[in-house]
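Written below as structure tokens is the structure these notes are about.
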Amino acid sequence: MTFSVAIPAYKPQFLGEAVRSVMAQSFASWELVIVDDCSPYDLHAIVEPYLNDSRVRYFRNENNIGALNVVDNWNRCLAYCKGDFVICMGDDDRLLPNCLGDLSELIQNYPGLGVYHIQAEMINEDGVVIESFPPRPGKESALDLIARRWRKNSRQFIGDFCFDLPCLREAGGFYKLPLAWGSDDISAFRAAATGIANTQRPGFQYRQSAFSLSSEKDFEIKVAAAVRESELFEDMLDSWKPASKGETLLLNDLRMRRGPYFRYLCGEYIKTDIGRSPGRVRFWLRHAKESRLSVGRILVQGAKGVVLHILGKL
């Protein structure tokens with residue numbers, strides 16, 4: 001069993017730390033694939049000291065793919081990977097030393113699944129843990145995965161997931177949405193058709209920092225991505241064949257929750273956008289149809305955003 005760890009790289013600030021976290025794994029059968037998205041920074045100089053390990057490979061795109069189409073770079077990473085399973089992590093994230101070892105045991109206990117989930121933590125720019133995410137059941141269904149997301153708005157990231165690489169390729173790779181907004185949810189749900197198994201201690205650390213490419217901006221794109229994700233889930237849930245009465249009940253619950261959940265997301269994006277620039281309310285009123293929100297809801301979210309703007313909280 002070999003793991004491919006892919007890092008689609010652009011930022012230099014924490015890249016060396018990300019690489020060292022892979023090299024520190026207690027489980028030795030891995031490869032690290034770094035794809036430099038034609039960064040203006042000298043990422044090769046950061047990676048070069050580690051290239052004497054044959055398991056570390058570095059590639060550079062001829063042209064910048066960019067944040068809007070970042071999933072294209074995730075999938076470009078897949079083209080270079082040779083392992084049985086793949087993790088796609090950010091260039092500022094970290095794996096804990098036990099990550100791949102825990103995944104190896106999990107895969108042996110639950111063989112044949114398309115995706116496995118790694119318990120995660122959030123760290124700050126100094127590498128200090130600022131939030132720990134609770135463990136999940138040993139195994140659950142794709143419907144359970146999404147139910148947790150929609151009921152509790154639980155946070156997850158593409159680096160939380162370890163995919164069966166041949167299965168992911170057969171599905172066409174990671175699902176592309178603008179800014180990768182929702183791509184992790186769709187990719188994981190599709191891969192979890194036969195279930196998903198979860199590690200029981202932290203193995204992945206997502207870094208929250210001022211250098212993050214998924215910063216609080218591009219709200220028009222995020223709303224469009226959320227609307228598209230909602231449509232995709234509508235289609236996938238409609239085509240789901242429940243295997244039990246309990247699954248039928250959960251499926252019906254998710255069908256009812258889908259609309260409110262995505263309207264909530266779009267409302268939050270619009271509130272923040274208006275809070276940062278109150279004049280944006282006119283834009284969103286003109287584009288109410290595209291956001292799938294009523295004019296009344298946009299006015300309510302806009303009023304909340306203006307209050308936050310006045311209070312200086314955005």
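Read-outs: derived from the displayed coordinates by stated rules, not from any lab. Everything quoted here is computed from the prediction, not taken from an experiment. Because the Cβ atoms are built from the backbone with ideal geometry, glycine has one as well, and the counts that use them run over all protein chains shown.
Of note:
- Length gained on full extension, LYS217 to TYR110, computed as 0.36 nm times the residue gap minus the Cα-Cα distance: 34.6 nm.
- Helical mean residue ellipticity (222 nm; -39500 (n - 2.57) per DSSP H run of 4+; nearest 500) of the chain: -14000 deg cm²/dmol
- The convex hull drawn around the Cα atoms of the chain, when projected onto a plane and averaged over every direction, covers 16.7 nm².
- Debye, to nearest 20: dipole size of the chain, +1 on Lys, Arg Cβ, -1 on Asp, Glu Cβ: 1400
- All Cα-Cα distances of the stretch 219-311, cut into 10 Å bins from zero to the largest, leave 17, 41, 23, 14, 5, 0 percent in each bin in turn.
- The stretch 231-307 and the stretch 156-176 have their alpha-carbon centroids 25 Å apart.
- Other residues within the sphere of radius under 10 Å centred on the Cβ of PHE27, judged by their own Cβ, net out at -2 (K and R +1, D and E -1).
- Charges were assigned to the Cβ only: +1 to each Lys and Arg, -1 to each Asp and Glu. The resulting dipole of the stretch 250-296 about its Cα centre is roughly 120 debye.
- Judged by the mean number of other Cβ atoms found within 10 Å, the most tightly packed of the peptides 29-36, 5-12 leads the ranking 5-12, 29-36.
- Here the Gaussian network model covers the chain, with springs between Cα atoms less than 10 Å apart; of ALA147, ALA243, ALA171, ALA243 fluctuates the most.
- When the pairs LYS241/LYS289; LYS11/LYS176; LYS222/LYS313 are compared against a 30 Å limit on Cα-Cα distance, LYS241/LYS289 fall above it.
- Dipole of the chain computed with +1 at Lys/Arg Cβ and -1 at Asp/Glu Cβ about the Cα centre; of GLY259, ILE107, LEU32, farthest Cα towards the positive end is GLY259.
- Peptide packing for 189-197, 135-143 was compared via the average number of neighbouring C-beta atoms within 10 Å per residue; ordered from the highest value, the list is 189-197, 135-143.
- Spin-label proximity, GLN208 to the stretch 255-280 - amide N less than 17 Å from point 7 Å beyond Cα toward beta carbon: 269, 272
- Theoretical FRET efficiency, 1/(1+(r/R0)^6), r = Cβ-Cβ of ALA171 and LEU308, R0 41 Å, to 0.05: 0.55
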